[in-house]
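The values are calculated or read from the model by the stated rules, or taken from the named source; none is laboratory data. Note that this is a predicted model, so its numbers are computed, not measured. All Cβ positions, even for glycine, are placed from backbone atoms using ideal geometry, and neighbour counts span all protein chains on display. These area figures cover heavy atoms from the full protein model, side chains too; ligands, DNA and RNA do not enter into them. Shrake-Rupley method; radii C 1.70, N 1.55, O 1.52, S 1.80 Å.
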Amino acid sequence: MRIVMLGPPGSGKGTQAHIISELYGVPVVTTGDMLRDAVARGTEQGRIAKKYMDRGELVPDRIVNMVVRERLSMPDLEAGFILDGFPRSTAQADALDRILKERGLHLDYVIHVTLEDKAIAARLGKRRSCPMCGAVYHLESKPAKEGGVCDECGSGLVLRDDDKPDVIRHRLKVYREKTRPLLDRYEGAGIIREVPGDCPLDELPGLLRNLLG
Ligand code: AP5
């Protein structure tokens, strides 16, 4: 199973990607987490990426395409993958097409997660993320068991630097300009499945299983 998660920032792409992963045993590849990891490790790529991420801009295609190409060549993804946050531009979609073509593969589904801007802004202020393992919580809909501590690895949870109101507004603008147009590209292939980003969390596994078979 090869899936792309597409939708505005904070719509719930990562949350749904991990539910699909649990249902079907397919690994999730989250470009945002990979870039945040590079920033935390202080690599050259991470230093460049940080400047863009802090402003809510897309990290340059050449960096992201390189990171994703390398990741997709790893053996744990041979049987399938869920791409969470890639592609986000025409150049990235072209790169993904090339990678898949070289390997004689195709995408099975593009999951389009929908949510209105107002709900996104309200939601992201209450998201808490684990900087160590990438686990994601929400103060109301998915609180950590022990307050500000990650259930998975015990690290302190944080509000992401780009989950601040002015940066969220800019991320939404960038999504509309650069990423949303990709829906037209996948529309013709008949592989888009729409999922409301505000579907109750306990109903998501059933809904996703119905959609994906
Ligand atoms: P990235 O980390 O990918 O951020 P994003 O796309 O903005 O998406 P988010 O992670 O913010 O949200 P999400 O849709 O996954 O929602 P989530 O499941 O967490 O990218 C960050 C930055 O990295 C970019 O701005 C860019 O600079 C760079 N970058 C990354 N990929 C790139 C690329 N390909 N090219 C260039 N640059 C790139 O849910 C949000 C909250 O809502 C959580 O608290 C969650 O618990 C809650 N929630 C989710 N679903 C529900 C529900 N159904 N009901 C109730 N609560 C819910």
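At a Förster radius of 25 Å, what calculated FRET efficiency corresponds to the Cβ-Cβ distance of E78 and L212, to the nearest 0.05?
Efficiency, rounded to the nearest 0.05: 0.80.
What's the extension gain from R47 to L23 if we count 0.36 nm per residue and subtract their Cα-Cα distance?
Using 0.36 nm per residue and subtracting the Cα-Cα distance, I get 5.1 nm.
Taken as Cα centroids, the stretch 40-106 and the stretch 121-190 sit 18 Å apart, rounded to the nearest whole angstrom. Give me, ordered by chain and number, the residues 5 or more places off V195 or on other chains with an amide H under 5 Å from its own placed amide H. It is H112, V113, T114, by chain and number. DSSP beta bridges confined to the chain are antiparallel in about 30 percent of cases. Here the extension length gained between T114 and R169 equals 18.2 nm, from 0.36 nm per residue of separation less the Cα-Cα distance. For the chain, the solvent-accessible area with a 1.4 angstrom probe is 52 square angstrom per residue.
Among the protein heavy atoms of the chain, carbon and sulfur supply 52% of the accessible surface, probe 1.4 Å, non-protein parts ignored. Computed on the stretch 51-202, with alpha-carbon pairs under 8 angstrom and 6+ residues apart, the relative contact order is 33 percent.
First obtain the Kirkwood hydrodynamic radius of the stretch 108-208 from its Cα pairs, then insert it into the Stokes-Einstein equation at 20 °C and 1.002 mPa s, and state the resulting D in µm² per second as a whole number. Here the translational diffusion coefficient equals 138 µm²/s.
3J(HN,Hα) along the stretch 45-57: 4, x, 5, 5, 4, 4, 4, 7, 5, 4, 8, x, 8 Hz, from the Karplus curve 6.51 cos²θ - 1.76 cosθ + 1.60 with θ = phi - 60°, whole Hz, x for Gly and Pro. Computed from phi, the 3J(HN,Hα) profile of the stretch 28-39 under the Karplus parametrisation 6.51, -1.76, 1.60 (θ = phi - 60°) reads 9, 10, 9, 5, x, 5, 5, 6, 4, 5, 5, 5 Hz, with x in place of Gly and Pro. Phi angles of the stretch 90-98 translate, via the Karplus equation with coefficients 6.51, -1.76, 1.60 and θ = phi - 60°, into HN-Hα couplings of 4, 5, 6, 5, 4, 5, 5, 4, 5 Hz per residue; Gly and Pro are given as x. For the stretch 70-97, the residues whose backbone nitrogen is under 12 Å from a point 7 Å from the Cα of L105, taken along Cα to Cβ, are 70-83, 96-97. Summarised in one figure, the compactness ratio Rg/Rh of the stretch 1-145, Cα atoms and Kirkwood Rh, is 0.95. Residue ranges 85-91, 180-186 sort as 85-91, 180-186 when ordered by packing (mean number of other C-beta atoms within 10 Å per residue, highest first).
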